[in-house]
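Just so it is clear, none of the values below were taken in a lab; they were calculated from the coordinates. It should be emphasised that the depicted structure is a prediction, and the values quoted were computed from it without experimental measurement. Every residue, glycine as well, gets a Cβ built from its backbone with ideal geometry; the counts of neighbours run over all protein chains shown.
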Amino acid sequence: MWTRRTFLGAFSTGTLATRHLTLPRPSLVNAREPAQQSSGSARAETMREGELVIERPLAGRPHAGKVLAAIQPHSDDLPLFAAGTVAKLVAEGYTGCLIRMSNDEKAGRGATTGEIVLNNERDNDAIASALGLTKVFNLNYRNHRMDNESRQEIRGRLIHIFRLMKVDTIVCYDPWGHYEENPDHYVTGQVVESAAWMAGSSRDYVEQLEAGLKPHGVSEKYYFARGPQLINRIVDISGTIDRKVECNRANVTQGPAGESGARLRGRLAAEKRRLPILGNDDETANRQYIKHVVLDLDSPALRGVPSDRDLGQRFGLDWAEGFHYIGPPASKLAQYIAENAVAL
Ligand SMILES: [Zn+2]
């Protein structure tokens, strides 16, 4: 869930340097030089501290054939922090699934616990549709209690899904995100991190292999966080910002988005006032509130992270999301052999 007693709230200027302690500053202009532009996740990047890649939209469907797993503990995590990137990757050819780890029983509207669970499950399904993710897995661990669960058990289930779906790329909470206070967030991040590589092992959870699955490790990881994090990838979401807004509109049960714009419009009307930016109907108010208040103006207070617009504009983009990206390290051995091997 989004609510957080966040120290980031103090950083109301939303400066990147305060959130991402290791990010270099003025030299970042170099990140937009053509030589450093990413061809997206199609190219392996060797992660070095301080190196930053701007991932821009790619023409066509270069990721066709690849599989994405978007993983969130709660129904509002991906919409708030990574929906623009997930929508971009799907538009560029990925097929994918949405994995929700908890049952969201303690978050949002509903007269009973059962109603809250059902409302969030419906929101989550709508979010998957908005992002173009065609399969949903609800693992349904109890909300706010994931630190009470066996990590081996969670890992085994995730490995099963990674192998079954042949997941190549994941988007999830950063397992090393500092000051994360929600146990569902950090347990998810840490278990996903271990499951991602262990899924490629022929020695782990071998009963799954006996059942016909094949080892299949995850190659690329996009990690987001609400606290200080090593950011090495800025994803240009200017082309998918409106999809991100639509995704957040689906979170009507919990979180700062959903129908908050209409509620604000109604409250102001009762006071005989209005905000022109919210338009003249509730649907417009909801969209405009998400885009201009949740994702921009009041982002540190409502999401605990800097504005997507401010982040983008630091790099000459309209809107952006930041990630710790980990891809497969490039090997020099094949080239060395080609250049140096001699006949016996
Ligand atoms: Zn959450």
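With the crude spin-label approximation of a point 7 Å out along Cα→Cβ, what separation in nm comes out for Arg267 versus Ala343?
8.2 nm
Can you give the FRET efficiency for Leu333 and Val136, using 1/(1 + (r/R0)^6), R0 = 51 Å, r = Cβ-Cβ distance, to the nearest 0.05?
Efficiency, rounded to the nearest 0.05: 0.80.
Compute the length gained on full extension between Thr112 and Glu207: take 0.36 nm times their separation in residues and subtract their Cα-Cα distance, giving the result in nm to one decimal.
30.3 nm
Report the charge-dipole magnitude of the chain in Debye, nearest 20, computed about the Cα centre from +1 at each Lys and Arg Cβ and -1 at each Asp and Glu Cβ.
380 debye
Taking a threshold of 30 Å on the Cα-Cα distance, which of the pairs Lys106/Lys244; Lys214/Lys332; Lys135/Lys332; Lys166/Lys332; Lys106/Lys214 fall above it?
Table pairs above 30 Å Cα-Cα are Lys135/Lys332; Lys106/Lys214.
Starting from the Cα of Leu275, step 7 Å along the direction of its Cβ; do the same at Trp197; then give the gap between the two resulting points in nm.
It is 4.5 nm.
For the range 222-344, with only Lys/Arg (+1) and Asp/Glu (-1) charged at the beta-carbon, what is the dipole magnitude about the Cα centre, in debye rounded to 20?
360 debye
Compare Ser201, Ser331, Ser102 in a GNM of the chain, Cα atoms joined below 10 Å, and give the one with the largest fluctuation.
Maximum among the listed residues: Ser331.
Taking the mean number of other Cβ atoms within 10 Å as a proxy for protection, how do you rank 128-137, 63-72 from highest to lowest?
So the peptides 128-137, 63-72, ranked by packing, come out 63-72, 128-137.
Determine the distance separating the Cα centre of the range 76-144 from the Cα centre of the range 259-335; give it in Å without decimals.
Their Cα centres are 18 Å away from one another.
Over the chain, what is the mean sequence separation of C-alpha contacts under 8 Å (at least six apart), divided by residue count, expressed as relative contact order in percent?
About 24 percent, as a whole number.
Across the range 125-284, what fraction of all alpha-carbon pairs, as a whole percent, falls in each successive 10 Å bin from zero upward?
Histogram of Cα-Cα distances, whole percents per bin: 9, 27, 33, 18, 8, 3, 1.
Only helical DSSP H runs with n ≥ 4 go in: add -39500 (n - 2.57) per run for the chain, normalise by residue count and round the 222 nm mean residue ellipticity to 500 deg cm²/dmol.
Value at 222 nm, helices only, nearest 500: -10000 deg cm²/dmol.
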